[in-house]
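Novice: The structure under discussion is supplied below as structure tokens; questions concerning it will follow.
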Amino acid sequence: MSRATAFDMTRRAFGAGLCLCCLASPARAQNFALEEVASSVFIRRGVDAEADAANLDGIANIGFIIGEKSVLVTDSGGSLADGRLLRRMIRDKTAKPISHVVLSHGHPDHFFGAGAFLQDKPVFIGHHRLPEALAARGEFYRRRLVGLLGESNVGPVVMPTKLVKEQTEIDLGGRRIVLTAHQPAHTASDLSMLDTSSGLFLPADLLFVGRIPPLDGSLSGWIGQLEAMRKRKYGPTVPGHGPARVDFGPASAALLRYLTILRDGVRAEIDSGGSIEHAMTQVAQSERAKWKLFDDYNQRNVAEAYSELEWQ
């Protein structure tokens with residue numbers, strides 16, 4: 001069997017390579033608790049599990065930043081129901097208008113809560129390649145979520161109304177948020193944010209802590225983006241998954257280690273003539289004990305990396 005044929009079979013086995021982050025197995029019910037990770041910055045930690053009816057796809061870290069004039073939602077949640085819970089928490093904290101909702105990338109656990117904020121008429125902000133990603137996968141993701149959560153809990157695919165090609169700033173009144181569009185890494189449409197008032201960095205799913213990161217963009221690109229961000233020496237950080245607040249240095253070092261082991265292991269398999277099937281059972285196994293949901297994602301990551309690296 002050729003490498004190309006083997007890869008095609010592997011992609012079919014993993015749902016045509018689409019990262020759902022994820023829509024599969026049972027999980028515990030979540031408690032919607034907020035943590036104030038910096039002054040007037042509130043984050044709900046997502047559960048380290050897969051999406052199901054109990055957690056409403058509330059598996060990502062989401063939250064909001066309150067300025068003097070308005071509120072920015074850092075990511076809207078994984079379902080309409082999850083977004084409504086977040087909106088209720090915002091209204092418990094402030095009556096200021098919700099002016100901006102960030103859609104950090106095109107995975108459902110981060111953008112399907114956006115429908116809960118349509119009534120606020122905010123600016124929905126996304127990477128300039130996000131519309132392309134949502135057009136290609138949004139309805140597929142929605143159908144899968146409906147099967148898990150029911151139509152009334154899922155909501156629409158909301159498209160961004162403001163696109164970021166390189167960098168832009170949002171003024172919430174005495175509080176500037178800098179948004180940066182990244183080259184393909186975790187996905188092809190990753191945005192990060194920096195709250196200049198507190199110095200808090202919010203890279204969304206460019207940073208996973210404790211939970212295995214799914215590769216859906218470019219392995220080489222993700223490594224490059226992490227190395228570039230590490231040179232900026234960010235401090236307090238809100239990862240897309242994991243604790244609500246971490247220190248960027250050690251947290252990003254752990255992710256960089258896994259991605260580097262993944263890259264080097266796949267390259268070694270390719271150079272030695274190893275098959276994709278063999279690579280999927282061998283590469284990065286030393287990392288198993290270090291990441292939650294390792295067995296759910298590592299083989300898929302190997303398959304994605306193999307496809308990217310075999311022609312380099």
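Novice: Treating the beta-carbon of each Lys and Arg as +1 and of each Asp and Glu as -1, no other charges, what is the dipole magnitude of the chain about its Cα centre, to the nearest 20 debye? The partial results should precede the final answer.
Specialist: Working: 36 positive and 35 negative charges, 144 e Å.
The calculated dipole for the chain is roughly 700 debye.
Novice: Can I ask one more? Work out which GluC sites (Glu not before Pro) in the chain are exposed loop sites (DSSP not H, G, I, E or B, at most 14 other Cβ within 10 Å) and give the longest gap free of them. Present the calculation step by step, with values, prior to reporting the outcome.
Specialist: Details: sites that count: Glu68, Glu166.
Value returned for the longest uninterrupted segment is 167-312.
Novice: Using only alpha carbon pairs under 8 Å that are at least six residues apart, calculate the relative contact order of the chain and give it in whole percent. Intermediate values should be presented prior to the final figure.
Specialist: Numbers: 683 pairs, mean separation 47.2, N = 312.
With pairs under 8 Å counted, the relative contact order is 15 percent.
Novice: Using only DSSP helix segments of four residues or longer, with each worth -39500 (n - 2.57), what per-residue ellipticity at 222 nm results for the chain after dividing by its residue count and rounding to 500? Mind dumping the intermediate values first?
Specialist: Numbers: 9 runs with 113 residues, N = 312.
Value at 222 nm, helices only: -11500 deg cm²/dmol.
Novice: Nearest 10 degrees, 0 to 90: what angle lies between the long axis of helix 130-149 and the longest principal axis of the chain (Cα atoms)?
Specialist: With both axes taken from Cα atoms, the answer is about 90 degrees.
Novice: Tell me the label-point distance for the pair Glu36, Ala135, using the 7 Å Cα-to-Cβ offset, in nm and rounded to one decimal.
Specialist: 4.4 nm
Novice: Out of residues 5 or more away from Leu200 or on other chains, whose amide H comes under 5 Å of its own, with H placed 1.01 Å from N in the peptide plane?
Specialist: Asp195
Novice: Charges only on Cβ, +1 for Lys and Arg, -1 for Asp and Glu: so what's the dipole of region 68-181 about the Cα centre, in debye to the nearest 20? Don't jump to the answer; show the numbers that get you there.
Specialist: On the way: 17 positive and 12 negative charges, 38 e Å.
Value, rounded to 20: 180 debye.
Novice: Which longest uninterrupted range of the chain lacks any trypsin sites (Lys or Arg not before Pro) assigned by DSSP to a loop state (not H, G, I, E or B) and surrounded by at most 12 other Cβ atoms within 10 Å? Don't jump to the answer; show the numbers that get you there.
Specialist: Numbers: sites that count: Arg28, Lys165, Arg232, Lys233.
The segment 29-164 is the longest one with no such site.
Novice: For region 237-312 and region 103-119, write down the distance between their C-alpha centroids in whole Å.
Specialist: That distance is 27 Å.
Novice: Report the antiparallel proportion of the DSSP beta bridges in the chain as a percent, rounded to a multiple of 5. Kindly include the intermediate steps, with their values, before the conclusion.
Specialist: Numbers: 27 of 41 bridges.
In the chain, approximately 65 percent of DSSP beta bridges are antiparallel ones.
Novice: How long is the gain from Lys69 to Ala54 if the chain were fully straight, where each residue apart is worth 0.36 nm and the alpha carbon distance is subtracted? Provide the component values of the computation, followed by the final result.
Specialist: Numbers: separation 15, 0.36 × 15 = 5.40 nm, distance 3.52 nm.
Between Lys69 and Ala54, full extension yields an extra 1.9 nm.
Novice: Out of the total accessible area of region 5-309 (probe 1.4 Å, heavy atoms of protein only), what percent is carbon and sulfur?
Specialist: Values: 5750 of 11580 Å².
Its accessible area is 50 percent carbon and sulfur atoms.
Novice: Report the FRET efficiency, 1/(1 + (r/R0)^6), for Ala268 and Glu151, where r is their Cβ-Cβ distance and R0 is 41 Å, rounded to 0.05. Display every interim value, and only then the final one.
Specialist: On the way: r = 47 Å, r/R0 = 1.15.
Efficiency for this residue pair is about 0.30.
Novice: Leaving out ligands and nucleic acids, and using a 1.4 Å probe, what accessible area per residue does the chain come to in Å²?
Specialist: On the way: 12280 Å² over 312 residues.
Here the residues of the chain average 39 Å² of exposed surface.
Novice: Kindly identify region 68-205 as rounded, prolate or oblate by the Cα gyration tensor criterion: order the square roots of the eigenvalues as a ≥ b ≥ c, call it rounded if a/c is under 1.5, otherwise compare a/b with b/c, prolate if a/b is larger, else oblate. Mind showing how you got there, number by number?
Specialist: On the way: a/c = 2.07, a/b = 1.19, b/c = 1.74.
It is oblate, given that a/c is not under 1.5 and a/b is not larger than b/c.
Novice: Still on this structure: Lysines near Lys96 by alpha-carbon distance under 30 Å, same-chain residues fewer than 8 away left out - which ones?
Specialist: Those lysines meeting the cut-off are Lys69, Lys121, Lys162, Lys165.
Novice: R0 = 35 Å: FRET efficiency of Ser286 with Ser198, Cβ-based, nearest 0.05?
Specialist: That gives a FRET efficiency of 0.45.
Novice: What does DSSP give for region 36-141 in terms of the percent of beta bridges that are antiparallel, rounded to the nearest 5?
Specialist: On the way: 10 of 17 bridges.
Taking every DSSP beta bridge with both residues in region 36-141, the antiparallel ones total about 60 percent.
Novice: Hey, another quick one. Using Cα atoms only, what is the angle between the long axis of helix 248-271 and the major principal axis of the chain, expressed in degrees (0 to 90) to the nearest 10?
Specialist: For helix 248-271, the angle is close to 30 degrees.
The values are calculated or read from the model by the stated rules, or taken from the named source; none is laboratory data. Treat the numbers as computed from the prediction; the structure is a model and nothing was measured. Methodologically, a virtual Cβ is constructed for each residue, glycine included, from the backbone with ideal geometry; neighbour enumeration extends over all protein chains shown. Protein only, heavy atoms only, side chains kept; ligands, DNA and RNA dropped before computing areas. Shrake-Rupley method; radii C 1.70, N 1.55, O 1.52, S 1.80 Å.
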